[in-house]
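A.B. asks: My questions all concern the structure below.
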Amino acid sequence: MNMLPNRLHSLFSLIRHPYLEREEIVSFQDRQLRRVVTHAYENVPYYRRLFDREGLKPQDIRSVDDLSAIPITSKSDLQMLHARELVSRRANLERLIVLRTGGSTGKPMVVRRTWAEERLLQAFRWRAMHYYGQRSTDHIARISFIEETHPRDYQLVRRSIQTLGLYKWTNIDCRFPLRDILRKVQDVNPDILKSYPGVVHRLSHLLQEHDKKPICPRFVVVGGEVLTPLMREHVREAFRVPVFNIYGSYESNVLAWECKETGELHTCDDCTIVEVLKNGTPTKEGEQGEVVVTNLHSFAMPFIRYRLDDIVTRGTDTCKCGQPFSTIRNIQGRVMDYFLLPGGRLIHPWELSYLIDIASWIREYRLIQEREDRIVSQIVPRDNAPEEEIKKIESFVKERVGASVEFRIELVPEIQCEPNGKFRVFRSHVTSD
């Protein structure tokens, strides 16, 4: 299979796809899916074995509707396998870019791509940024976990463009002290600010309360963590600009980006087939389910029906704004964040956080399940915590978890981030770690 014409066609297609009809997007998905499945069966030992075990042939998978015939693959299925089992025999293993997930789920993963695949997948992220209003002359400050660029991820194109004064970036390590981060952002005074929700949320409080030197981006983009309504509102108030959420993963780069009109997230249907499943069955609009992805442009290391361990709410089949993409309504977090209650009942902490997210006196919070029968909410109050509001939250949560579960609120001056600089709003010591 000659990949270059396909890459160039995909690059051209991602520019025109937002202006097409939904049927054309689905047709593109079906064509790419057939290419990926055929390539994986012929060249990747893991998928050859998987298909043979199920008695499947590539020609059995003609469209997205046929995907359910393929078994779902999880991280644990791949982690113990040698790279040669997962990488195409047509790819030069020594020339691939290697990406390693942070392992915050307890399941670190290694992803391998060619340089061309990495650039193509990154182009989908640029498309989302331009949708929000990014200009070629903008300066972006990106606050994130900074790692060394992989030696095979050649940056000549980016450096050449930036030499011309276009698409300028300043990277700031999110593990720096918060005041140092603030000073660096103020020095840049970027047109666009990008970060994890937890980092930019904390930055917004520091900016409001202790430092009046303005930061004036046109918009803020967040991703990599759960963005709660409380976080969004505080960041919007501090910077007085729109806050947009991009949902992504190492395996697929961009999965969805927030619609400016509806607030739902456009699924990146021309990059990845995103299934939202509950007990293996596709969910209906408004239902929660697990995310299973099939990357349509990863041939060096394919991901076909790969479980991300994320929980989202399915949106509409086509966004109401008129763009031809399906939508995700909400991103709840990860499967590991579910709270396992006495008797085996599962509840996602998103369902418990409603009153916390709308309370104006709360600056920051975290929900922690310490035991099956004990849940704690750490809350950083803005000012004095109203006793009646605390009781209202306690009553709301207890009504949902039941009398057998102890729930208490701890008022704390600060909540620590993870070692990688991210902020986990929900954490269960029963089902994780």
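A.B. asks: Mind telling me which of the residues 71, 108 ends up being within 19 Å of the chain's Cα centre (by Cα) and part of a loop (DSSP other than H, G, I, E, B)? Walk me through it before giving the result.
C.D. replies: Details: 71 fails: within 19 Å of the chain's Cα centre (by Cα).
Just a single option satisfies the conditions, and that option is 108.
A.B. asks: Looking at the stretch 131-157 only, could you name the residues that are in contact (Cβ under 8 Å) with a residue 12 or more places away in the chain, loosely packed, with under 13 Cβ neighbours inside 10 Å and farther than 20 Å from residue 120 by Cα?
C.D. replies: 137
A.B. asks: Pick from 430, 376: which is surrounded by fewer than 21 Cβ atoms within 10 Å (Cβ to Cβ), in contact with a Lys or Arg (Cβ under 7 Å, 6 or more places away or on another chain) and modelled with pLDDT of 90 or more?
C.D. replies: Numbers: 430 fails: modelled with pLDDT of 90 or more.
Result: 376 is the single residue among 430, 376 that is surrounded by fewer than 21 Cβ atoms within 10 Å (Cβ to Cβ), in contact with a Lys or Arg (Cβ under 7 Å, 6 or more places away or on another chain) and modelled with pLDDT of 90 or more.
A.B. asks: If you don't mind, there's one more thing I want to ask. Looking at (1) surrounded by 14 or more Cβ atoms within 10 Å (Cβ to Cβ); (2) more than 22 Å from the chain's Cα centre (by Cα), can you tell me which one residue 119 breaks?
C.D. replies: Result: residue 119 fails condition (2) only.
A.B. asks: Among the candidates 45, 18, which residue alone is in contact with a Lys or Arg (Cβ under 9 Å, 6 or more places away or on another chain), surrounded by fewer than 18 Cβ atoms within 10 Å (Cβ to Cβ) and either within 30 Å of residue 130 (Cβ to Cβ) or of a type in the set (Phe, Trp, Tyr) (or both)? Give the derivation first.
C.D. replies: Working: 45 fails: either within 30 Å of residue 130 (Cβ to Cβ) or of a type in the set (Phe, Trp, Tyr) (or both).
After ruling out the rest, the residue left standing is 18.
A.B. asks: Return yes when residue 251 is under 17 Å from the mean Cα position of the chain (by Cα), assigned to a loop (DSSP other than H, G, I, E, B) and under 26 Å from residue 305 (Cβ atoms) and no when it is not. Show your work before the answer.
C.D. replies: Working: under 17 Å from the mean Cα position of the chain (by Cα): yes; assigned to a loop (DSSP other than H, G, I, E, B): yes; under 26 Å from residue 305 (Cβ atoms): yes.
Spelling it out, residue 251 is indeed under 17 Å from the mean Cα position of the chain (by Cα), assigned to a loop (DSSP other than H, G, I, E, B) and under 26 Å from residue 305 (Cβ atoms).
A.B. asks: Please find, among 183, 179, 218, the residue that is among the basic types (Lys, Arg) and in contact (Cβ under 8 Å) with a residue 40 or more places away in the chain.
C.D. replies: Numbers: 183 fails: in contact (Cβ under 8 Å) with a residue 40 or more places away in the chain; 179 fails: in contact (Cβ under 8 Å) with a residue 40 or more places away in the chain.
Result: 218 is the single residue among 183, 179, 218 that is among the basic types (Lys, Arg) and in contact (Cβ under 8 Å) with a residue 40 or more places away in the chain.
A.B. asks: For residues that are closer than 14 Å to residue 394 by Cα and either touching a Leu at 6+ places or on another chain (Cβ under 7 Å) or part of a helix (DSSP H, G or I) (or both), tally how many sit in the stretch 350-364. I'd like the intermediate steps shown before the answer.
C.D. replies: To start, the set of residues in the stretch 350-364 that are closer than 14 Å to residue 394 by Cα comprises 351-357, 359.
In the following step, the residues that additionally are either touching a Leu at 6+ places or on another chain (Cβ under 7 Å) or part of a helix (DSSP H, G or I) (or both) were identified as 351-357.
Residues flagged as closer than 14 Å to residue 394 by Cα and either touching a Leu at 6+ places or on another chain (Cβ under 7 Å) or part of a helix (DSSP H, G or I) (or both) within the stretch 350-364 amount to 7.
A.B. asks: Something else: Kindly indicate whether any position in the stretch 330-348 is under 30 Å from residue 21 (Cβ atoms), touching a Ser or Thr at 6+ places or on another chain (Cβ under 9 Å), of a type outside the set (A, V, I, L, M) and surrounded by 15 or more Cβ atoms within 10 Å (Cβ to Cβ). Outline the logic, then answer.
C.D. replies: To start, the set of residues in the stretch 330-348 that are under 30 Å from residue 21 (Cβ atoms) comprises 330-331.
When the remaining residues are screened for being touching a Ser or Thr at 6+ places or on another chain (Cβ under 9 Å), the result is 330-331.
If we keep only those that are of a type outside the set (A, V, I, L, M) too, we end up with 330.
Remaining after also requiring surrounded by 15 or more Cβ atoms within 10 Å (Cβ to Cβ): 330.
The answer is yes; a qualifying residue exists.
A.B. asks: Quick check on residue 140: is it more than 15 Å from residue 253 (Cβ to Cβ), part of a strand (DSSP E or B) and either assigned by TED's automatic domain parsing to the domain that holds residue 93 or in contact with a Lys or Arg (Cβ under 9 Å, 6 or more places away or on another chain) (or both)?
C.D. replies: Working: more than 15 Å from residue 253 (Cβ to Cβ): yes; part of a strand (DSSP E or B): yes; either assigned by TED's automatic domain parsing to the domain that holds residue 93 or in contact with a Lys or Arg (Cβ under 9 Å, 6 or more places away or on another chain) (or both): yes.
Considered against the rule, which asks whether it is more than 15 Å from residue 253 (Cβ to Cβ), part of a strand (DSSP E or B) and either assigned by TED's automatic domain parsing to the domain that holds residue 93 or in contact with a Lys or Arg (Cβ under 9 Å, 6 or more places away or on another chain) (or both), residue 140 comes out as yes.
A.B. asks: Taking the stretch 110-167, which residues are over 10 Å from residue 97 (Cα atoms) and acidic (Asp, Glu)?
C.D. replies: Those that are over 10 Å from residue 97 (Cα atoms) and acidic (Asp, Glu): 138, 147, 148.
A.B. asks: Report, by residue number, each residue of the stretch 242-296 that is touching a Lys or Arg at 6+ places or on another chain (Cβ under 6 Å) and within 19 Å of residue 219 (Cα to Cα).
C.D. replies: Scanning the stretch 242-296 gives 243, 254, 262, 264.
A.B. asks: State the number of residues belonging to the stretch 307-346 that are assigned to a loop (DSSP other than H, G, I, E, B), more than 21 Å from residue 368 (Cα to Cα) and in contact (Cβ under 8 Å) with a residue 12 or more places away in the chain.
C.D. replies: Final tally of qualifying residues: 11.
A.B. asks: Would you pick out the residues in the stretch 254-304 that are among the β-branched types (Val, Ile, Thr), in contact with a strand residue (DSSP E or B) (Cβ under 7 Å, 6 or more places away or on another chain) and part of a strand (DSSP E or B)? Talk me through it step by step, then tell me what you get.
C.D. replies: Taking the stretch 254-304 and keeping what is among the β-branched types (Val, Ile, Thr), we get 254, 262, 267, 272-274, 276, 281, 283, 291-294, 304.
The next check asks that each one be in contact with a strand residue (DSSP E or B) (Cβ under 7 Å, 6 or more places away or on another chain); those that pass are 254, 267, 272-274, 276, 283, 291-294, 304.
Result: 254, 267, 272, 273, 274, 276, 291, 292, 293, 294.
Residue-wise test of (1) touching a residue at least 60 places away in the same chain (Cβ under 8 Å); (2) in a helix (DSSP H, G or I); (3) closer than 18 Å to residue 251 by Cβ.
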| position | (1), (2), (3) |
| --- | --- |
| 59 | no, yes, no |
| 66 | no, yes, no |
| 81 | no, no, yes |
| 84 | no, yes, no |
| 89 | no, no, no |
| 94 | no, yes, no |
| 98 | no, no, yes |
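A.B. asks: Looking at the structure I just gave you, is residue 390 surrounded by 14 or more Cβ atoms within 10 Å (Cβ to Cβ) and in a strand (DSSP E or B)? Give the derivation first.
C.D. replies: Details: surrounded by 14 or more Cβ atoms within 10 Å (Cβ to Cβ): yes; in a strand (DSSP E or B): no.
Judged against the criteria, residue 390 is not a match.
A.B. asks: Can you tell which of 267, 281 is modelled with pLDDT of 95 or more, buried (at least 22 other Cβ atoms within 10 Å of the Cβ) and farther than 23 Å from residue 97 by Cβ?
C.D. replies: Values: 281 fails: buried (at least 22 other Cβ atoms within 10 Å of the Cβ).
Result: 267 is the single residue among 267, 281 that is modelled with pLDDT of 95 or more, buried (at least 22 other Cβ atoms within 10 Å of the Cβ) and farther than 23 Å from residue 97 by Cβ.
The values are calculated or read from the model by the stated rules, or taken from the named source; none is laboratory data. In this text, all values refer to a predicted model and were calculated from it rather than measured experimentally. FYI the Cβ positions are ideal-geometry reconstructions off the backbone, even for glycines, and counts take in every protein chain you see.
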